[in-house]
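Asks: Below: one structure in structure tokens.
The values are calculated or read from the model by the stated rules, or taken from the named source; none is laboratory data. Please read all numbers here as calculations on a predicted model, not as lab measurements. Here the Cβ positions follow ideal geometry from the backbone for every residue, glycine too, while neighbour counts run over all protein chains shown. Accessible surface areas use protein heavy atoms only, side chains included; no ligands, DNA or RNA. Shrake-Rupley method; radii C 1.70, N 1.55, O 1.52, S 1.80 Å.
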Amino acid sequence: MDDVLHWQKSTFSGGGEGDTCVELATSPTHIHLRESDTPTTALTTNPATLAHLLKGIRTGAL
């Protein structure tokens, strides 16, 4: 999966060169998230589900 996806560090991550970063990659139908200290483990979801989760967090519904 790594050689197909282009991983990008979150701008909200700790910065620097440590293993404290959340990374994101997209494919045509999915969003992939992982922590830089465990790059072989990724969470995969679709944009609508992630948007619903983020909205719930922002509004305090979750």
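Asks: How large is ³J(HN,Hα), in whole Hz, for each residue of the range 32-41 in order, when computed from phi with the Karplus curve 6.51 cos²θ - 1.76 cosθ + 1.60 and θ = phi - 60°, using x for Gly and Pro?
Replies: Karplus-based 3J(HN,Hα) across the range 32-41 equals 10, 10, 8, 9, 5, 7, 9, x, 7, 10 Hz.
Asks: Let me ask another. With every protein chain left in place, what is the accessible area of Ile57 in Å² (1.4 Å probe, nearest 10)?
Replies: Here the residue's solvent-accessible area equals roughly 100 Å².
Asks: Something else now. Accessible area per residue, 1.4 Å probe, Å², for the range 17-62: what's the number?
Replies: 73
Asks: Moving on. Could I have the simple spin-label model distance between Ala61 and Trp7, label points 7 Å from Cα toward Cβ, reported in nm to one decimal?
Replies: Going by the 7 Å Cα→Cβ label model, 3.2 nm.
Asks: OK, next. In whole Å, what three semi-axes, largest first, describe the equivalent ellipsoid of the range 22-62 built from its Cα gyration tensor (square root of 5 times each eigenvalue)?
Replies: 21, 14, 6
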